[in-house]
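For reference, the structure discussed in these notes is given below.
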Amino acid sequence: MDSATETLLRDLEASPTDLRKLVVSALWRDRSSITIESEAVARWERDDPHRWASVQAWLLSRGVTIMVLRPRSSTVTSPPARTSQGPEPPPAGMRG
């Protein structure tokens, strides 16, 4: 492990985030890209922006591309509301 990585890992020990796990994972997996959920990125930017910037710089210096996943829409689509125009006629063959 190079000195820049050791220094980064030591610095991340004081972070209130799980950024250290991300760096360790990137070390072990040795991939050219990583995928991160946008919620995690938002949390790191809010809770420890300086260290998140350091981790980004470290990943990019190793040639690792960061792909951010957007959250899926949590809205459930429902059928269009019916307009109230009186009762619906019964289906064919069901008339009395």
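Readers should treat all values here as calculations from the given coordinates under stated rules, not as data from a laboratory. None of these values were measured; they are calculated from a predicted model. Reconstructed Cβ throughout: ideal geometry from the backbone, glycine too, with neighbour counts over all protein chains shown.
Rounded if a/c is under 1.5, else prolate if a/b beats b/c, else oblate: with a ≥ b ≥ c from the C-alpha gyration tensor eigenvalues square-rooted, which is region 3-69?
oblate
How many nm separate the modelled label positions at Leu69 and Ile34, each set 7 Å beyond the Cα in the direction of the Cβ?
Calculated label separation equals 1.5 nm.
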